[in-house]
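Q: So that we are looking at the same thing, I have put the structure below in structure tokens.
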Amino acid sequence: MIKIGISGALGRMGRTIGELALKDQDFSILLALERENHPSLNSDYGETLLQSPKQVYVTSSPEPGIQNTEVIIDFSNPENTIKLLPLCEKYQKAMVIGTTGFQKEQLEVIQESSKKIPILLSPNMSLGVNLLFHLVELTAKVLKKQFEVEIMEIHHSKKKDSPSGTAVKLKDIILQEHGWDESKTIYGRKGMIGERPSDEVGIHALRGGDVVGEHTVFFFGEGERIEITHRATSRVIFAKGALFAAKWIYQKSPGFYTMKDALNL
């Protein structure tokens, strides 16, 4: 049985992960971590998720609970993730990070911590989306610079970051395969901007309703177009992926991992 802690335990993703983990005999939840002043602090996590009491109480203090875990699953916010890293290093705990919106400097801190503990970072834990990453990488590798690339993502109206972490990852894959830097990226278009340069990656974010997540990468050629799309209709897929990642990274050596590693792609 893998002993886990969930950071962001009562957020949209944290709740779904908790509900699945409480029903999975492979997991034991020993830490349910939430922000200070959350209205459900000190409540029984099992009861809060409308399941049987587990005598694990929602807390805003990672210690001492983190000491008893083996893997921390983090779906909180970038600032909280960075604060957790020293504690995970101190107690040698593996981390699965699904939080998005990191700045470059924060990602560098995570990379540095991965020299001491195993960390799996993915902007999207869905197995299907990570296959999407692989397919886009393969397509870009084959087509090279012969096709123009645009990325479109759609999410619910409550999503705070834009573009999504998944769209950013897709953009990074394209840039790497083309040998381009960030200057080749354009986020939306407005006004008389002239003809589209061929050496450009466009990213477009749509927000509305309760859309869980949709990502499409367009490869536009002369006389043909390739579209690779992933649509998520339930957050359960992300929670399942996070637990899959926790099982995979459990007892792994220190290092920086992605879902590509976990899926052996």
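The values are calculated or read from the model by the stated rules, or taken from the named source; none is laboratory data. None of the values given here were measured: they were computed from a predicted structure. We place every Cβ from the backbone using ideal geometry, glycine too, and count neighbours over all the protein chains shown. We work out accessible area using only protein heavy atoms, side chains counted, and drop any ligands, DNA or RNA first. Shrake-Rupley method; radii C 1.70, N 1.55, O 1.52, S 1.80 Å.
Q: List, in the order given, every pair from LYS160/LYS260; LYS90/LYS247; LYS115/LYS260; LYS93/LYS171; LYS116/LYS184 whose Cα-Cα distance in the structure shown is over 28 Å.
A: On the way: LYS160/LYS260 26 Å; LYS90/LYS247 21 Å; LYS115/LYS260 19 Å; LYS93/LYS171 31 Å; LYS116/LYS184 34 Å.
Pairs exceeding 28 Å: LYS93/LYS171; LYS116/LYS184.
Q: Hey, rough spin-label estimate for LEU87 and ILE228, points 7 angstrom out along Cα→Cβ, what's it come to in nanometres?
A: Going from the LEU87 label point to the ILE228 one covers 3.8 nm.
Q: Let me ask something else. Where the only charges are on Cβ atoms (+1 Lys, Arg; -1 Asp, Glu), what is the dipole of the chain about its Cα centre, to the nearest 20 debye? Display every interim value, and only then the final one.
A: Working: 32 positive and 33 negative charges, 68 e Å.
So the magnitude is around 320 debye.
Q: If you wrap segment 83-231's Cα atoms in a convex hull and average its projection over all directions, what's the area in nm²? Intermediate results must be reported in sequence, preceding the final value.
A: Values: hull surface 42.3 nm².
One quarter of the hull surface, i.e. the mean projection, equals 10.6 nm².
Q: Between beta-carbons, use under 12 Å as the cut-off and find the net charge around ALA245, counting Lys and Arg +1, Asp and Glu -1.
A: +2
Q: Amide H neighbours of TRP180 under 5 Å, at least 5 residues apart or on other chains, H built in the peptide plane: list them.
A: none
Q: What are the ³J(HN,Hα) couplings of segment 49-57, residue after residue, when phi is run through the Karplus curve with 6.51, -1.76, 1.60 and θ = phi - 60°? Round to Hz, x for glycine and proline.
A: 8, 6, 10, 5, x, 10, 6, 10, 9
Q: Separate question: In whole angstrom, note down how far apart the Cα centers of segment 110-185 and segment 33-48 are.
A: If you average the Cα positions of each part, the centres end up 33 Å apart.
Q: Tally Lys and Arg at +1 and Asp and Glu at -1 over the other residues with C-beta under 14 Å from the C-beta of ARG235: what net charge comes out? Provide the component values of the computation, followed by the final result.
A: Working: positive: ARG12, ARG15, LYS158, LYS159, ARG231, LYS240; negative: GLU19, ASP210, GLU214.
Neighbour charge sum, excluding ARG235 itself: +3.
Q: Next up: Using a 1.4 angstrom probe on heavy atoms only, work out the carbon and sulfur share of the accessible area of the chain in %.
A: Details: 6670 of 13490 Å².
Carbon and sulfur together cover 49 percent of it.
Q: Whole-Å semi-axes of segment 1-114's equivalent ellipsoid, largest first, each the root of 5 times a Cα gyration tensor eigenvalue? Please report the intermediate quantities before stating the final value.
A: Numbers: eigenvalues 104, 44, 31 Å².
They are 23, 15, 13 Å, listed largest first.
Q: With a sphere of radius 10 Å drawn around the Cβ of SER162, what net charge do the other residues whose Cβ falls strictly inside it have (Lys, Arg +1; Asp, Glu -1)? Can you show the working numbers first?
A: Working: positive: LYS159, LYS160, ARG207; negative: GLU153, ASP161.
Net of charged neighbours comes to +1.
Q: Let me ask something additional. Which order do the peptides 54-65, 4-15, 73-84 come out in when sorted by mean C-beta neighbours inside 10 angstrom, highest first?
A: Details: 54-65: 15.4, 4-15: 23.8, 73-84: 21.0.
By packing density, highest mean first, the sequence is 4-15, 73-84, 54-65.
Q: Among SER183, GLN51, GLY221, which residue has its Cα furthest toward the positive end of the charge dipole of the chain, with +1 on Lys/Arg Cβ and -1 on Asp/Glu Cβ?
A: Among SER183, GLN51, GLY221, the one farthest towards the positive end of the dipole of the chain is GLN51.
Q: Rounded to the nearest 500, what is the chain's calculated 222 nm mean residue ellipticity when only DSSP H runs of at least 4 contribute -39500 (n - 2.57) each, over all residues?
A: Working: 8 runs with 89 residues, N = 265.
So the helix-based figure for the chain works out to -10000 deg cm²/dmol.
Q: Can you give the accessible area per residue of the chain, in Å², using a 1.4 Å probe?
A: Details: 13490 Å² over 265 residues.
Per-residue value: 51 Å².
Q: Between 0 and 90 degrees, rounded to the nearest ten: what's the tilt of helix 236-249 against the longest Cα principal axis of the chain?
A: 70 degrees
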